[in-house]
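The values are calculated or read from the model by the stated rules, or taken from the named source; none is laboratory data. Bear in mind that the values here come from a model prediction, so they are computed numbers and not experimental data. Here the Cβ positions follow ideal geometry from the backbone for every residue, glycine too, while neighbour counts run over all protein chains shown. Note: areas computed on protein heavy atoms with side chains; ligands, DNA, RNA excluded. Shrake-Rupley method; radii C 1.70, N 1.55, O 1.52, S 1.80 Å.
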2 protein chains.
Amino acid sequence: MSQRPRNGLYAQSGGMTAVINASAAGVIETARSFAKAGKGGRPAIGKIFAGRNGILGVLTEDLIDTSRESASAISALKHTPGGAFGSCRYKLKGFDENRVQFERLIEVFRAHDIGYFFYNGGNDSADTCYKVSKISARLGYPVSCIHVPKTVDNDLALTDNSPGFGSVAKYVATSMREAAFDIASMAKTSTKIFVMEVMGRHAGWITAAVGLAADKGHDIPLLLLFPEVIFDEKRFLARVAALVRSHGYCCIGVSEGLRAPDGTFFSEVGIKDAFGHAQLGGAGELVAKLVRQKLGYKYHWALADYLQRSARHLASKTDLEQSYAVGRAAVEYALRGLNAVMPALRRTSQAPYRWTLTPAPLARIANREKKLPASFIGAGGFGITGKAREYLVPLVQGESPPPYRNGLPDYPVLKNVPVPKRLGVFTV
Amino acid sequence: MSQRPRNGLYAQSGGMTAVINASAAGVIETARSFAKAGKGGRPAIGKIFAGRNGILGVLTEDLIDTSRESASAISALKHTPGGAFGSCRYKLKGFDENRVQFERLIEVFRAHDIGYFFYNGGNDSADTCYKVSKISARLGYPVSCIHVPKTVDNDLALTDNSPGFGSVAKYVATSMREAAFDIASMAKTSTKIFVMEVMGRHAGWITAAVGLAADKGHDIPLLLLFPEVIFDEKRFLARVAALVRSHGYCCIGVSEGLRAPDGTFFSEVGIKDAFGHAQLGGAGELVAKLVRQKLGYKYHWALADYLQRSARHLASKTDLEQSYAVGRAAVEYALRGLNAVMPALRRTSQAPYRWTLTPAPLARIANREKKLPASFIGAGGFGITGKAREYLVPLVQGESPPPYRNGLPDYPVLKNVPVPKRLGVFTV
């Protein structure tokens, strides 16, 4: 009996990384290679459709036909930041609260003969992916649901690290190191304090990565303010003053999620200015102003914001390879009949660094959060330990610069041809 | 008659660039090659000393003996950001107001047999360099004073562009382009506005460079807010709204020196919050908040700050070559007996881009400021013209990445061995 291979649906979710499109390339290129192989009798997959703006595009049947893109266009995804098909911040509620949406998803899957769902995201989307797998079974329309891991926050459970994190780690460490060389030369008569605020509201993985800026060959006076460590103004200021005395300057990496003594975000509590008025703002700016106010040092501060997660020009090659590999593994898992799993990274060797992928059950990933281990925080709460360094260094290894044109990275955009709709309008 | 060759003194001044150390390498390597050649009878130069922390180190006789550094250490300066010998923000006043300092400078020159003074900086240091050349003549101790141009602000007179600018231009354009790809994929349900504040308080050269992020191959909805264009809130908001309608999102490059309608800095005038209270802060943050307040769009904003001028990992190869060349030319000029000049860049061909160096008189450079031409500002004051693009594109051409070690750029530090003091203490 000849049976047409079922199609795959790929969607990107939540915040972007510099390398999430490499996962898309991994899914699409692997599916294409299987599609060809399928003619010879091996398990096969049809087209890969993509949800435009993530799960929102699936709900509204706004699908993109990736088969309309050339092999070179798909390959170029490996060096293009952002999300090539669009993403969204939209979390499906539980089945009982939101039955209509889940039924709609299955209706769209059915209409487009979707047998494989690849959801590329973080904790929330692992949850969504897991729910879809359960609902599809309950509604009698079986779909292999594979979560493709991605998050700059590095907080996905059951995986040694999250694709996307290595590149932001490389960016923040490089940026801090470079800025430190600048401050060091200005400190004598001008700026003595440099503050950089980084992402990671609930876990200090990115803050820890800033710590790589200093190493044996780079004696940079660096303090880190983790979201895990309650901000102790007095101890902090004493440390800053000591480093300015010993080195002439001080660099400070601050998590956006730094906590005030009462446990709330420092950015929401703020500081008091000279007149006793509360000043709110980003944690980085507040810390810089505090140092100025209490110690009198001139400061500069930077807010890397989206630059840190879109800097494809400085992506970690290791991160890039892992991001591609989880896309490829997702298709392989799906065609092996796996369901409700995620390709998780396992570190099989530290030196030389080696890793492999293994299917991990979404039931144990969804809605969990991998915390920064306490053993990674050292130097009295203001730095990283050797253990942290050992964990982090392999993740930032290697460069894989994009092609440049006219002096700037050349980032192509896909055609994103829509799949003809087969269903009625659905309002989200 | 055998005469010992006179030494050279090199000092870095003002804010750093990603490539100022390439100028230092140009000075030192060229001087070394002449020092060898000198034995054969050609004009020669002795050692190159460097002022520790710029002119301050000269005044306090805190000099560094660069002859104690290996050839490979000096060569590594080409890929190291910051200022290898330290810089300072310190402007010498006029001779009549400050005779003691000028006499001290000459005293230090005389004590260390300095015949050549290479001052690496912007407008202010061109002025200092010019003054030193006049004072040395007046005090009967002749020194060839050559200004080595450097500034991210690109505002030096008589030169087609300033070394240091091309790299910051490449950085801000790349960063905006990368962030735009991120925003584009988030805009459907989340962030629609991205603001990046850039340097250039008095001239919009860096702001103009942000404009390169968008080009024929990259349709990015981008607005620029120049310090040259008085901020017109109503027109600006209308533009933002129109771009969000047409593209779903909008990117905004803001000069730190954006001006309010009364001509003062926007950052000092601030905006009024919903309760009518004034909010001060950086121009970028204020613009972002204003858009949120008036149009309701979610925003993200970035403050590149020192990252933009220290990002050696993304330096423009053209900029690097020019920075090295002005250092080399400075030594050549000095040995040709020129005085009170600066190697100025001349663009001899646009396509292909070709440039050459020519000595320009400091009398016509000191304390002047090259303004962004009105003909470079287009799109109703919110963008750049084709003429600006033609000027800018060659300056960001080429990459010259530093060596990486453990996944991060490896930036060495010189030994900076002090020259034994010969004079008494001088208090600045």
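Excluding same-chain neighbours fewer than eight residues apart, the lysines reachable from A:LYS192 by a Cα-Cα span under 16 Å are A:LYS289, A:LYS294, A:LYS298. Of the residues in the range B:377-412, those shielded by at least 10 Å² of accessible area once partner protein chains are present, compared with the chain alone at a 1.4 Å probe, are B:VAL393, B:VAL396, B:GLN397, B:GLU399, B:TYR404, B:ASN406, B:GLY407, B:LEU408, B:PRO409, B:ASP410, B:TYR411.
Assuming a ≥ b ≥ c are the square roots of the Cα gyration tensor eigenvalues, decide whether the protein assembly as shown counts as rounded (a/c under 1.5), prolate (otherwise, with a/b larger than b/c) or oblate. It comes out prolate by the Cα gyration axes.
Rolling a 1.4 Å probe over the protein heavy atoms leaves B:ASP410 with an accessible area of roughly 50 Å². Residues of the range B:183-232 buried by at least 30 Å² of accessible area upon assembly of all protein chains, compared with the chain on its own (1.4 Å probe): B:SER185, B:MET186, B:LYS188, B:THR189, B:HIS218. Among A:GLU197, B:GLU233, the sequence by solvent-accessible area, most first, with a 1.4 Å probe is B:GLU233, A:GLU197.
Within straight-line reach of A:LYS91, meaning a Cα separation under 14 Å, sit the following aspartates and glutamates at least 8 residues removed in sequence or on another chain: A:ASP124, A:ASP127. Most simply put, the range A:1-155 has about 15% antiparallel DSSP beta bridges, counting only bridges with both residues inside it. For chain A, find the longest principal axis of its Cα atoms and tell me its angle to the long axis of helix A:165-186, 0 to 90°, nearest 10. Computed tilt is about 20 degrees.
Listed values for the range A:339-344 are Karplus-derived 3J(HN,Hα) couplings in whole Hz (6.51 cos²θ - 1.76 cosθ + 1.60, θ = phi - 60°), namely 8, 6, 10, 9, x, 9, and x replaces Gly and Pro. Over the range A:12-166, Cα pairs under 8 Å with separation of 6+ residues give a relative contact order of 27 percent. Compared with the dominant Cα axis of chain B, that is its longest principal axis, helix B:233-247 is turned about 70°. To one decimal place, what orientation-averaged projected area in nm² is obtained for the convex hull of the Cα set of the range A:270-428? If I average the Cα hull's projected area over directions, I get 18.1 nm². Based on Cα contacts under 8 Å between residues 6+ apart, chain A shows a relative contact order of 23 percent. For the range B:312-362, the alpha carbon positions stretch 35, 26, 16 Å along the principal axes, listed from largest to smallest. Let me know the shape class of the range A:351-428, please: from the alpha-carbon gyration tensor, a ≥ b ≥ c as square roots of the eigenvalues, rounded when a/c is under 1.5, otherwise prolate if a/b is greater than b/c, or oblate. Note, shape of the range A:351-428 comes out oblate.
Within the full protein context, the accessible area of A:LYS272 is estimated at about 130 Å² for a probe radius of 1.4 Å.
For A:GLY383, nonlocal amide neighbours, meaning residues 5 or more places apart or on other chains whose placed amide H falls under 5 Å from its own, are A:LEU224, A:GLY378.
When A and B come together, around 5200 square angstrom of accessible surface is lost from both chains combined, probe 1.4 Å. Cα-Cα over 28 Å: which of A:LYS47/A:LYS131; A:LYS131/A:LYS170; A:LYS36/B:LYS216; A:LYS47/A:LYS150; A:LYS317/B:LYS317? The answer is A:LYS131/A:LYS170; A:LYS36/B:LYS216. Within chain B, the ratio Rg/Rh, alpha carbon atoms throughout and Rh by Kirkwood, equals 1.03. Taking every DSSP helix (H) stretch of at least 4 residues in chain B, weighting each as -39,500 (n - 2.57) and dividing the sum by the residue count yields a mean residue ellipticity at 222 nm of -11000 deg cm²/dmol. Put simply, the amide H of B:GLY86, placed in the peptide plane, has neighbours under 5 Å in B:ASN53, leaving out anything fewer than 5 places away on its chain. For the range A:86-215, the Kirkwood estimate of hydrodynamic radius, built from reciprocal distances between every pair of different alpha carbons, is 17.7 Å.
Heavy atoms of the protein only, probe of 1.4 Å, neighbouring chains included. What is the accessible area of B:LYS188 in Å², nearest 10? The value for B:LYS188 is about 120 Å². What's the long-distance tail for the range B:22-135, i.e. % of Cα pairs beyond 17 Å? Tail fraction, whole percent: 58. Out of all DSSP beta bridges with both ends in the range B:164-316, state the antiparallel percent to the nearest 5. Just about 20 percent of them are antiparallel. Annotation for A:LEU237 and B:LYS298: the two label points, set 7 Å from Cα along the Cα-Cβ direction, are 3.7 nm apart.
Axis of helix A:20-38 versus longest Cα principal axis of chain A: the two differ by about 20°, to the nearest ten degrees. Taking every DSSP beta bridge that has both ends in chain B, the antiparallel portion is near 40%. State whether the range A:162-264 is rounded, prolate or oblate according to the following rule on the C-alpha gyration tensor (a ≥ b ≥ c being the square roots of its eigenvalues): a/c under 1.5 gives rounded; otherwise a/b larger than b/c gives prolate, and the remaining case gives oblate. Oblate.
Annotation: amide H of A:ASP410 within the under-5 Å range of A:TYR404, A:ARG405, sequence separation 5 or more or interchain, hydrogens built in the peptide plane.
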